[in-house]
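A short write-up of the structure that comes next.
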Amino acid sequence: MPKIEAVDRLLKRAVDDGDVPGVVAMAANRNAIIYEGAGGKREIGKDTPMTLDTVVWIASMTKAITATAAMQLVEQGKLDLDRPASAVIPQLGKVEVLDGFDGAGKPKLRAPKRAITLRHLLTHTAGFSYDIWNASIAKYMEATGTPGIISCQNAALTTPLTFDPGERWDYGINIDWAGKMVETVSGRNLEDYFRANIFGPLGMNDTAFKLTPSMRGRLSAMHQRGDNGALQAVPFEIPQEPEFKMGGGGLYGTAQDYLKFTQMILNDGRGNGASILKPATVQTMAQNHIGGLLVGALKTAAPPLSNDVDVFPGMPKKWGLSFLINTEKAPTGRAPGSLAWAGLANTYFWIDRASGVAGVYLTQLLPFADNKSLPLFANFETEIYRSLG
């Protein structure tokens with residue numbers, strides 16, 4: 001088992017101090033795992049240890065997988081990045097822009113200035129916003145009785161845009177719509193499509209929307225940090241019989257599986273002896289696709305679910321298809337042009353194609369960008385680069 005003593009000490013200290021519940025951290029180069037470690041318990045107050053094969057809700061780490069599926073279909077000519085997405089999903093041609101509220105609190109809506117495209121969806125520039133970080137969408141959902149996205153109800157996808165497509169970056173339900181596009185043109189639901197075209201070829205046997213009995217037997221509990229900072233387990237599960245498979249955040253998986261996905265991106269689309277994407281497609285996905293726009297900070301509108309989020313404060317950040325891109329060398333050692341993102345329950349990954357290294361960090365803890373877990377992830381990444389010299 002690859003070991004880096006400094007990382008082992010980090011994980012042990014964080015768990016012993018009660019900073020985080022169980023945590024798994026792994027890193028790899030293009031050819032092999034260079035670190036794997038786990039610490040703590042799957043559930044605070046119980047004896048089952050966190051292990052490398054522990055299953056967690058990876059939430060928005062799902063997005064990069066959905067984008068990979070979409071780009072496979074772009075390669076095949078079944079999807080187009082710049083054609084109106086309404087040609088595939090007619091409902092996307094009917095989405096309106098939220099223009100505030102009238103005196104009675106009723107939403108005011110107008111037609112968008114241009115059509116939504118798959119490129120807009122994969123770059124979070126279509127105009128959709130999450131209620132967790134957008135108070136206007138939260139107000140709209142309350143006024144209209146629209147369910148939250150984690151309900152996996154189709155009605156959750158009926159929220160309006162908060163700006164015209166292509167004019168800003170904001171984080172929202174875009175990749176759920178991209179997932180719907182994958183399903184429509186492939187004729188398969190996302191579970192079946194991913195299994196046949198991504199999970200099966202890569203050997204990602206512990207990643208799925210619906211928990212298998214084996215996965216459930218290794219499932220970590222969800223935890224929440226109380227007002228006094230103490231951790232407690234809380235009930236949580238993504239619907240197992242959903243109206244739609246949530247391409248933006250519905251997957252459960254393991255660090256071992258997700259590391260295989262990151263290595264595939266490191267290796268220009270190849271993994272486990274299989275070709276998942278063409279090298280040119282991976283290169284395209286890793287490029288800035290938002291032009292002069294910037295990825296901004298996310299201000300929480302739901303403190304129990306997320307803190308404010310500002311990745312590498314002061315650094316201009318871009319977005320690929322569908323990854324965060326740091327434009328400068330990160331304090332952790334991550335090279336400019338690296339790819340990354342995260343999941344709501346404090347799961348994180350990065351893919352540094354220039355340095356040939358990737359890492360995955362998983363725990364199950366709310367709110368997102370936790371003030372103990374996020375620094376632990378950053379310190380883990382820093383020690384990985386330090387070990388590489």
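Per-structure values
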{"quantity": "Among residues of the range 344-359, those that are within 11 Å of Leu266 (Cβ to Cβ), in a loop (DSSP other than H, G, I, E, B) and open to solvent by less than 10 Å² (accessible area, probe 1.4 Å), counted", "calculated": "1"}
{"quantity": "Selection count where residues are touching a residue at least 40 places away in the same chain (Cβ under 8 Å), closer than 21 Å to Leu365 by Cβ, open to solvent by 40 Å² or more (accessible area, probe 1.4 Å) and not basic (Lys, Arg), scope the range 196-232", "calculated": "4"}
{"quantity": "The range 175-195 - residue that is free of Cβ contacts under 8 Å to residues at least 40 places away in the same chain and assigned to a loop (DSSP other than H, G, I, E, B) and, of those, least open to solvent (accessible area, probe 1.4 Å)", "calculated": "Gly187"}
{"quantity": "Any hit, the range 23-38, residues being open to solvent by less than 40 Å² (accessible area, probe 1.4 Å), touching a strand residue (DSSP E or B) at 6+ places or on another chain (Cβ under 6 Å) and not in a strand (DSSP E or B)", "calculated": "no"}
{"quantity": "Residue check, Leu118 under 23 Å from the mean Cα position of the chain (by Cα), modelled with pLDDT of 95 or more and open to solvent by less than 20 Å² (accessible area, probe 1.4 Å)", "calculated": "yes"}
{"quantity": "Criterion (modelled with pLDDT under 95 and either open to solvent by 30 Å² or more (accessible area, probe 1.4 Å) or touching a Gly at 6+ places or on another chain (Cβ under 6 Å) (or both)) met by exactly one of Gly145, Gly103", "calculated": "Gly103"}
{"quantity": "Ala156 within 26 Å of Ala302 (Cβ to Cβ), touching a residue at least 24 places away in the same chain (Cβ under 8 Å) and of a type outside the set (S, T, N, Q)", "calculated": "no"}
{"quantity": "Near pairs, Cβ below 6 angstrom, 6+ apart or cross-chain, from the range 356-370 (within 30 Å of Gly389 (Cβ to Cβ) and of a type in the set (Gly, Ala, Ser)) to any residue that is open to solvent by less than 10 Å² (accessible area, probe 1.4 Å) and in a strand (DSSP E or B)", "calculated": "Ala358/Ala28; Ala358/Ile351; Gly359/Ala27; Gly359/Trp350"}
{"quantity": "Count of the range 301-333 residues which are open to solvent by 40 Å² or more (accessible area, probe 1.4 Å) and either over 18 Å from the mean Cα position of the chain (by Cα) or not aliphatic (A, V, I, L, M) (or both)", "calculated": "13"}
{"quantity": "Verdict on Leu92 being of a type in the set (A, V, I, L, M, F, W, C), at pLDDT 95 or above and assigned to a helix (DSSP H, G or I)", "calculated": "yes"}
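The values are calculated or read from the model by the stated rules, or taken from the named source; none is laboratory data. Remember, it's a predicted structure, so these values are computed and weren't measured experimentally. Every residue, glycine among them, receives a Cβ derived from its backbone with ideal geometry; neighbour counts consider all protein chains shown. Surface areas here come from the heavy atoms of the whole protein model, side chains and all, with no ligands, DNA or RNA. Shrake-Rupley method; radii C 1.70, N 1.55, O 1.52, S 1.80 Å.
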